[in-house]
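Undergrad: Please read through the structure below; I'll follow up with questions.
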Amino acid sequence: MSDQTSPEAAEIAPPTKPEAKAEKIHLDGFDYLRVFFMMMVLMGHANLFWYMAEQRQHSVGLGPNVWDYLYFEVQSSAVPTFILMSMVLFSLRPPSWSRTVDRVKKLGYLYCFWVGAWVLYTKARPEPGILGWIEFLLRGGGWLFYTFASLMILTPFCWVAAKLSRRGQWVGLVLSILVVLATSLWVYTDKKWLYHHFYWVPSCFAMMPFVAAILAPHLKRFRESGGMRYKWIAVMLVAGIVTALLEWKFSAASELITGERRWLPKHARFSIQFNAIALLIFSLGVKKPVNWLVSFFARNSLGVYCLHPFILRGFIEPAQRLIGPYAPDLAIPVGCLVVAVFCSLVTEFLRAAFKHRLI
């Protein structure tokens, strides 16, 4: 149930001779990212941003407000960041084909178990036809577990990127940017995102294997050189702001918006890709060891991700009934925190149960 699905998941081990002992550096910043975006995912799925945007709308009028911007530029950066972290961690050692296959198999086990549980739980079924089945499988049974499908598809590309020369990696990055651009243009045409979900499309994240391959050899330099780190962060933030301004220029008109407040596509955008890169590089500068609380939630973030869709409503609705009359703006955040604690405890129990062969 841990999100560290491979030995290199939280450490940098520079290549050394077999008999030499490799220096290991724990990436504490990744733990903070896991916890931060774990809570962003919970609050997004609990509709906190929608609720707060609706409340804000009473005072500022129709149109996107600060809560919509937070949702589409911060909360929506969660999945690209998680995918980029996964690709970087996989790239810390030169990926071999056997490691690639092993990684995809492990992701496949996660996919089959959780998608199977979700399909049984929701009775979800694909739309008729081949395209309906393809979408159903890529969406992980219709909703949350599309990330496992995307990771299974992107991992072999990470292996390809690692095999390329430096120039080849940059060429691959340019080509992957064109793939993201084509995906974005396709979704933006006729504002398709208003009538159908496209957050699950794997090509939204096509840049990440090549970004990871380019960054991975320089992780120690990013950690040690604040100047290098901040230059890259500044470039990525400027790119994110510029692309965000362009994206919002083509947002949906207020009269087309329903209760879901779909001003923009969720993932088929460049701004959140650049945000993810900036956040990952920023996290590399964190050298202070995480405390026990951050470590606890980071260790169980995958378990929280997988378990929460089954129980989220069962915690949020009571929180709204109990806390809503006194502090309505706190009801959803408190409910999400309780869900995070509960799912983390369940994850710890299941991990121990499987370890001792109790199940």
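Undergrad: Can you name every residue in the range 102-139 that is open to solvent by less than 60 Å² (accessible area, probe 1.4 Å) and of a type in the set (Val, Ile, Thr)? Explain how you work it out, then say what you get.
TA: Applying the first criterion (open to solvent by less than 60 Å² (accessible area, probe 1.4 Å)) to the range 102-139 yields 103-104, 107-108, 110-111, 114-119, 122, 124, 126, 129, 132, 135-136, 138-139.
104, 115, 119, 122, listed by residue number.
Undergrad: For the range 68-95, give me the residue count where each residue is open to solvent by 40 Å² or more (accessible area, probe 1.4 Å), more than 15 Å from residue 278 (Cα to Cα) and not in a helix (DSSP H, G or I).
TA: 2
Undergrad: Taking the residues in the range 202-231 that are under 20 Å from residue 158 (Cβ atoms) and without any contact (Cβ under 8 Å) to a residue 12 or more places away in the chain as candidates, determine which candidate is least open to solvent (accessible area, probe 1.4 Å).
TA: 218
Undergrad: Please verify whether residue 353 is open to solvent by less than 10 Å² (accessible area, probe 1.4 Å), part of a helix (DSSP H, G or I), of a type in the set (A, V, I, L, M) and within 22 Å of residue 71 (Cα to Cα), treating the condition exactly as stated.
TA: It is false that residue 353 is open to solvent by less than 10 Å² (accessible area, probe 1.4 Å), part of a helix (DSSP H, G or I), of a type in the set (A, V, I, L, M) and within 22 Å of residue 71 (Cα to Cα).
Undergrad: With the requirement that a residue be in contact (Cβ under 8 Å) with a residue 60 or more places away in the chain and more than 18 Å from residue 199 (Cα to Cα), what does the range 119-146 give you?
TA: 121
Undergrad: If you check residue 120 against the conditions, is it of a type outside the set (Asp, Glu) and under 29 Å from residue 274 (Cα atoms)? Lay out the reasoning, then the answer.
TA: Working: of a type outside the set (Asp, Glu): yes; under 29 Å from residue 274 (Cα atoms): no.
Taking the combined requirement at face value, the residue does not satisfy it.
To keep it simple, each residue is scored yes or no on (1) aliphatic (A, V, I, L, M); (2) within 17 Å of residue 270 (Cα to Cα).
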| site | (1), (2) |
| --- | --- |
| 140 | no, no |
| 154 | yes, no |
| 166 | no, no |
| 169 | no, no |
| 173 | yes, yes |
| 185 | yes, yes |
| 190 | no, no |
| 195 | no, no |
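Undergrad: Within the range 300-337, can you find the residues that are under 23 Å from the mean Cα position of the chain (by Cα) and part of a loop (DSSP other than H, G, I, E, B)?
TA: 300
Undergrad: Residues in the range 54-103 that are closer than 25 Å to residue 162 by Cβ and among the charged types (D, E, K, R): how many?
TA: Within the range 54-103, residues that are closer than 25 Å to residue 162 by Cβ and among the charged types (D, E, K, R) number 4.
Undergrad: Moving to a separate point now. Checking the condition touching a Phe, Trp or Tyr at 6+ places or on another chain (Cβ under 9 Å) and open to solvent by 20 Å² or more (accessible area, probe 1.4 Å), which residue from 170, 193 passes?
TA: Going through 170, 193 in turn, just one is touching a Phe, Trp or Tyr at 6+ places or on another chain (Cβ under 9 Å) and open to solvent by 20 Å² or more (accessible area, probe 1.4 Å): 170.
Undergrad: If a residue must be free of Cβ contacts under 8 Å to residues at least 60 places away in the same chain, within 18 Å of residue 211 (Cβ to Cβ) and surrounded by fewer than 22 Cβ atoms within 10 Å (Cβ to Cβ), how many such residues does the range 243-290 contain?
TA: 2
Undergrad: In the range 320-340, what residues are buried (at least 21 other Cβ atoms within 10 Å of the Cβ) and without any contact (Cβ under 8 Å) to a residue 60 or more places away in the chain?
TA: If the condition is that a residue be buried (at least 21 other Cβ atoms within 10 Å of the Cβ) and without any contact (Cβ under 8 Å) to a residue 60 or more places away in the chain, then 331 is the only one that fits.
Undergrad: Another question, if that's okay. Give me the residue from the range 177-190 that is among the aliphatic types (A, V, I, L, M) and over 18 Å from the mean Cα position of the chain (by Cα) and, out of that set, surrounded by the most Cβ atoms within 10 Å (Cβ to Cβ).
TA: Ranking the qualifying residues of the range 177-190, first place goes to 187.
Undergrad: So residue 235 ticks every box in (1) open to solvent by 20 Å² or more (accessible area, probe 1.4 Å); (2) in contact (Cβ under 8 Å) with a residue 12 or more places away in the chain; (3) outside any loop (DSSP other than H, G, I, E, B) but one. Which box is left unticked?
TA: Failed condition: (2).
The values are calculated or read from the model by the stated rules, or taken from the named source; none is laboratory data. Being a predicted model, the structure only gives us computed values, none of them experimental. All Cβ positions, glycine included, derive from the backbone under ideal geometry; neighbour counts span all protein chains shown. Surface areas here come from the heavy atoms of the whole protein model, side chains and all, with no ligands, DNA or RNA. Shrake-Rupley method; radii C 1.70, N 1.55, O 1.52, S 1.80 Å.
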